[in-house]
Structures are given as structure tokens and as C-alpha cells.
Amino acid sequence: MKYAGIIFDLDGVICSTDEYHYLAWKALADRLNIPFGREDNNRQRGVSRMESLEVVLEKSPVSYSQEEKIAFATEKNDLYRQLLGEMGEKDLSAEVKDTLCALRAMGLKLAIGSSSKNTPFILDRIGLGSFFDAIADGNCITHSKPHPEVFLKAAEMIGLDPSVCLVVEDAKAGVEAAVAGGFDCAAMGDAKDDPRATWHLGSFADLVGIARA
Ligand code: BG6
Ligand code: MG
């Protein structure tokens, strides 16, 4: 087996919180009369909350102070948390759950590497609060993806070198971060065809075959 550990992005990989991110940013953009669509939202994948806000504000004719920006990010996060409150174990798909269990049974260390500060809350909602061997998230990093810090931290927490860890990502910024950190990357969703990825996942369950190779 080439890999001893797998580091998963959270939003858009383990669960579909990405739609809630979109809805919450869209509500803020609408209130501020700023055009905002799915393409803009795709550029927010993997990057921090404040960097995501900058994507929203790019099309604003008005410039805002740092205090106003912090208030906007809080407003978005409050709505996002309200939407996340609707999530439960039903939002963890059988495919993801079974695949995670199969990978664990193969003896692999499993970790989360996410830019989100809401990671512990989301994992609790979907019933994975104490599943992973390590969690590196937006609360313990200074640089968000495409910087490799969050993945390097996750690898360190599970005691493995990046060369024996696989990163699973749905964001182009995440694929870039994985490659910059010296990891192989399995890309899915929006990043599926990213040429920098080692593997292009047709489905999450493909990870079992990849891990066996
Ligand atoms: C990432 C998302 O997982 O987390 C980004 O892909 C988001 O879109 C980032 O901006 C930060 O999330 P949060 O939950 O800390 O606002
Ligand atoms: Mg993601």
C-alpha cells in the first residue's frame, strides 16, 4: 500500500455544506446589491471566510472598512450556522460512511484538513465528531489553502510524512495546497479534472481501490 494516511477536506468532500455556504453568501450579496453567482462561489472553495468575503466584495462599487467587513463575515456566518443547524446524521451519505469505515479497516490513519472554523460543529452534526484520528481546521492555521499549512498540520498530527498521505479535495485551491505540501491528491467535484491531481475520483468510493493499490 502506497498510502498510510488520508487527509480529507470537509466542505464538499465529506458532506455537502457547500450549498449552505453559497446560500448564505448570496443572501449577504443580495442585501448589499452586489451581483453574485455560482462561478463566484466556486472561487470561494477552500479559502478562508475573510478571503471568501473579498470574492463577494470584488464587484461592489463601495469600499468597506475592516470593521464593516468583520460585521459582514459575522452576518454570513450566523446565517450559515442557522442553515447548518438543519443538518443531522442523514446528511452523511451511506457511500461516504461505508468508504470511511472500509479505509479505517485497512489500517489507514484518517484526518480532516479544512479551512473551516465550523469544522467541529459540522462533524458533530453528521455524527463524525469523534471519528477522525486528527482534525486540522480553520481554528489552528494562519494561512488558508492554497497554502499547504492545514494539510502539513494534519500529517504531523497523525505522525506521517506527506509522501505517504493522500489528500482528498473538491477545491482547486485545495489541490494546489496538497501539491505544494508534497502530497498526492485525489480530486473530486469542482476540482475533479484539475491536472495537478494524482487521482480523479468518479465517486468517493473509488478511494478504497486507490488505497489498496
Ligand atoms: C472551506 C470552504 O471549507 O471553509 C470555504 O470551502 C469557506 O468556502 C471556508 O470559506 C471557511 O469556512 P468557515 O466555516 O470558517 O466560514
Ligand atoms: Mg471543499
How about segment 76-88: which of its residues are surrounded by 15 or more Cβ atoms within 10 Å (Cβ to Cβ) and not basic (K, R)? N77, L79, Y80, L83, L84, M87
Residue count for segment 18-73, restricted to those that are open to solvent by less than 30 Å² (accessible area, probe 1.4 Å) and charged (D, E, K, R): 1
Kindly check whether there is at least one residue in segment 153-160 that is away from ligand 2 (no atom under 16 Å from the Cβ), of a type in the set (K, R), in the same structural domain as A111 (by TED's automatic domain parsing) and out of contact with any Asp or Glu (no Cβ under 7 Å at 6 or more places or on another chain). yes
Starting from residues that are of a type outside the set (A, V, I, L, M) and within 11 Å of ligand 1 (Cβ to nearest atom), keep the ones in segment 173-203 and report whichever is surrounded by the fewest Cβ atoms within 10 Å (Cβ to Cβ). G189
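The values are calculated or read from the model by the stated rules, or taken from the named source; none is laboratory data. If you're wondering where the values come from, they're calculated on a predicted model, not measured in any experiment. Cβ sites come from the backbone with ideal geometry, for glycine too, and all protein chains shown count toward neighbours. Just so you know, the surface numbers come from the protein's heavy atoms only, side chains and all, with ligands and any DNA or RNA stripped out. Shrake-Rupley method; radii C 1.70, N 1.55, O 1.52, S 1.80 Å.
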